[in-house]
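One structure is given here, and the rest of the page talks about it.
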Amino acid sequence: MGDVRLVVAGILLMALTACTPEQPAGSATRAPATTVPSPRTGPPEPQTATTTTTTTTTTTPAERGELRFTEIARLEQPVAFAVRKGDDRLYVAEQSGRLRTTDGRTVIDLSREVSTGNEQGLLGVAFHPTGRWLYLDWTDARGHTHITEWAYDGERATGRRDVLTQSQPFANHNGGQLAFGPDGYLYIAFGDGGSAGDPEGNGQDLGTLLGKIVRIDPRGDPYAIPKDNPFAGRRGARGEIWAYGLRNPWRFSFDRGTGDLWIGDVGQNAWEEVDHQPASSKGGENYGWNLREGRARFREGQARDLVEPVIVYPLNEGGNCSVIAGYVYRGERIPWLKGQFLYGDFCAGWVRAAPAGDVESAAEVGRVEQLSSFGQGPDGELYALSLQGPIYRIEPA
């Protein structure tokens, strides 16, 4: 996600599972005790929580715009979330290597193949819009990234093939997000290759996929580059590139209402940022890294038409360490949240909502310890994942 600071925080917090009889509105609500697995050797089985969890409060949270995070399942290090067309199950990637459903099924197990150090492992999952294929983003025993496809009929994953591989010079900044855009193409997030300060200059180098968001048709041989990609056919540039100048875009999402792209890019040592790309974009945006961190200059150099982030916040203040980008809410259960972009911070634990058209008006609406990712259900309702294990459904408080 970020770099070593993120992993250290994860190790320190992994054993902390605070549980109180009552939780304040806007905090993560634990499932009833009967659904929480007892300590044992090996990864826990997913546990489905009852939907009758309630929060006692003397405030009027709906008027204050607060959320409740109700635990619905518990897995091992959940980091990514996906849904499949015509399937009401929720699919979650565990960093340790397994793709599982919240009702207890293991779909794919790469735990013997993934690297597990630092920010490596199984990092992303997406389903083809038809639901016939699924894609995983993971790092192998040498730390290199694979985008791998399986044919999937809802019961068995077969026909495995690597769509794309990318060598990684360092163990951190692997990105990992996979998502199909409104155009039906697969978008892939790659970090800058790791270490600190982007020593290889990958963020600004159009000759590498590192430090980029990539756009491909994964059903090619092994994939196809869309002809309207901004650098397709350009000498010295990788045609797969959709956007560049990114440090570690751990999570990004498409607004299902407008098609806009929201990118959470983890900062170096001063600023976390969220970037925004309108649906009208033709791609090719340069978000500045490693010339700029947030809105501040990071290194000497020149580049044209740098796109400024729409949200920045300082590292270390209040425990901030790594931005986790979420979604613009388009569900029905929380009317006041409609049209607001949800995001959070891994270490600090806060979750904020910002009107998509006025992101400076962000307000804290809840807290999730070790927030690793958000997810969006087929109905537009949102979920939050904690690296500690819980999967939360986001509800009105």
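The values are calculated or read from the model by the stated rules, or taken from the named source; none is laboratory data. These numbers come from a predicted model, not from an experiment. Note: ideal-geometry Cβ built from the backbone for every residue, glycine included; neighbour counts use all protein chains shown.
Looking at R160, is it crowded, with 18+ Cβ neighbours inside 10 Å, basic (K, R) and either assigned to a loop (DSSP other than H, G, I, E, B) or modelled with pLDDT of 95 or more (or both)? Judged against the criteria, R160 is not a match. Here the condition is being at pLDDT 95 or above, more than 21 Å from W150 (Cβ to Cβ) and buried (at least 18 other Cβ atoms within 10 Å of the Cβ); of D228, D205, it holds for D205 alone. On the basis of being at pLDDT below 95 and among the hydrophobic types (A, V, I, L, M, F, W, C), does A179 make the cut? Considered against the rule, which asks whether it is at pLDDT below 95 and among the hydrophobic types (A, V, I, L, M, F, W, C), A179 comes out as no. If you filter region 276-331 down to residues that are in contact with a His (Cβ under 9 Å, 6 or more places away or on another chain) and surrounded by 18 or more Cβ atoms within 10 Å (Cβ to Cβ), you find that the one that is farthest from A243 (Cα to Cα) is I311. Here's a check for you: in region 131-157, which residue that is among the small types (G, A, S) and more than 26 Å from S322 (Cα to Cα) is surrounded by the fewest Cβ atoms within 10 Å (Cβ to Cβ)? Across region 131-157, the extreme among qualifying residues is G154. Pick from region 285-311 the residues that are in contact (Cβ under 8 Å) with a residue 40 or more places away in the chain and of a type in the set (D, E): which of them is farthest from G357 (Cα to Cα)? Selected residue: E293. Consider V328 carefully, then state whether it is in contact (Cβ under 8 Å) with a residue 40 or more places away in the chain, within 20 Å of H173 (Cβ to Cβ) and either touching a helix residue (DSSP H, G or I) at 6+ places or on another chain (Cβ under 9 Å) or not hydroxyl-bearing (S, T, Y) (or both). For V328, the condition - in contact (Cβ under 8 Å) with a residue 40 or more places away in the chain, within 20 Å of H173 (Cβ to Cβ) and either touching a helix residue (DSSP H, G or I) at 6+ places or on another chain (Cβ under 9 Å) or not hydroxyl-bearing (S, T, Y) (or both) - is not met.
For the condition of a type in the set (D, E), at pLDDT below 95 and over 16 Å from the mean Cα position of the chain (by Cα), what is the one hit in E332, E360, E395, E364?
Details: E332 fails: at pLDDT below 95; E395 fails: at pLDDT below 95; E364 fails: at pLDDT below 95.
So the residue among E332, E360, E395, E364 that is of a type in the set (D, E), at pLDDT below 95 and over 16 Å from the mean Cα position of the chain (by Cα) is E360.
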